[in-house]
Amino acid sequence: MISSPHNERLKYIRALQSKPRLRREDGRAVLEGVRLISDALAAGIRPEFVVYSAEATQEGKGGAALLNTLNAHHVLCLETTAALLTQAAETTTPQGVIAVVPLPHLALPHPLRRALILDAISDPGNLGTILRTAAAAGVDAVFLAPGCADPYSGKALRAGMGAHFRIPASPTGWAMIQETCGGLTVYLADAEGERSYRAVDWAQPHGVIIGGEARGAGDAARALATGRIRIPMANDAESLNAAAAAAVILFAAQG
């Protein structure tokens, strides 16, 4: 039983949640809740350790079944009080179970046929939502250009709903993006695009660039794009939220 707020594992959980650099250096992230931890296990990711409270094992919450599965995988599971778990959690009302997991490293498919490139998506909730949409729409890989939020922050992980474990998505530089996506026709989503997204032959290998919420795509993104596409809008609307624009285009491209 962990009974002290100064416990080293609880301190490590809090540090990982608040320090993106530590997440990158240690290659670890924090997952909260039965659903996210179960998704990680289903993807073959074994937690380093898990902290839980007795409340998580109550009937109907799924925690007891999850702990049985974790024990079967020989994962270290440590009980603590509800108060200490709440202090360690990032969410206001935690589900009673927290895991420290290694960051996923999914291989890029070959050949790459459908890529999503995110440029300066700074809101972690938007970023996680876009990753969830990309996975659901069958995108092969997502490239996070400089200026994007950390995909392994708690908010991005929760918004992604397990997409981080199903689709390759990692921060990278523009040189690597250009090299990897060099064989694709790359379209930039732009309100001033010369043609509608409906006029694109999405059956051909392609990439889609979605720019940041505040300033749109930067110079590097525009240089990579071979064409610009727009989403026709009514009622004098000027633009869509980045996550909404990604959903419209990616599901259209799914065919």
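The values are calculated or read from the model by the stated rules, or taken from the named source; none is laboratory data. This one's a predicted model, so the numbers in the text were calculated from it and none came from an experiment. Positions of Cβ are generated from backbone atoms using ideal geometry, with glycine treated the same way; all protein chains shown enter the neighbour counts. Heads up: the accessible areas ignore ligands, DNA and RNA and are worked out on the full protein's heavy atoms, side chains in. Shrake-Rupley method; radii C 1.70, N 1.55, O 1.52, S 1.80 Å.
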> If you project the alpha carbons of the chain onto the principal axes, what extent comes out on each, in Å, largest first?
Replying inline: 62, 40, 34
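Please work out the Kirkwood hydrodynamic radius for the range 1-93, using every pair of different C-alpha atoms, and report it in angstroms with one decimal place.
13.8
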>> With 15 Å as the cut-off, how large is the P(r) tail for the range 191-255, expressed as percent of Cα-Cα pairs?
In response: 53
> Using a simple charge model, +1 on the beta-carbon of Lys and Arg, -1 on the beta-carbon of Asp and Glu, nothing else, what dipole does the range 130-238 show about its Cα centre, in debye to the nearest 20?
Replying inline: 320
>> Amide H of I209 versus every other amide H placed in the peptide plane: which residues, excluding those fewer than 5 positions away on the same chain, fall under 5 Å?
In response: I117, Y187, L188, A189
> How big is the range 131-255 on each of its three principal axes, counting only the C-alpha atoms and giving the largest first in Å?
Replying inline: 35, 34, 30
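Show D119, D150, D236 ordered by accessible area, largest first, where the area counts protein heavy atoms only and the probe is 1.4 Å.
D236, D150, D119
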> Nearest 10 degrees, 0 to 90: what angle lies between the long axis of helix 8-18 and the longest principal axis of the chain (Cα atoms)?
Replying inline: 20
> So how exposed is M161, as accessible area in Å² (1.4 Å probe, rounded to 10)?
Replying inline: 50
>> Please compute, for the alpha-carbon atoms of the range 36-141, the extent along each of the three principal axes and give them in descending order in Å.
In response: 47, 30, 24
>> What FRET efficiency comes out for M176 versus K61 if R0 is 41 angstrom and r is the Cβ-Cβ distance? Round to the nearest 0.05.
In response: 0.45
> Under a GNM of the chain (C-alpha, springs under 10 Å), which listed residue has the highest mean-square fluctuation: A175, A120, A244?
Replying inline: A175
> Looking at the range 1-117, what % of its DSSP beta bridges pair antiparallel, to the nearest 5?
Replying inline: 60
> Where the convex hull is taken over the Cα atoms of the range 92-183, what is its projected area averaged over directions, in nm²?
Replying inline: 6.3
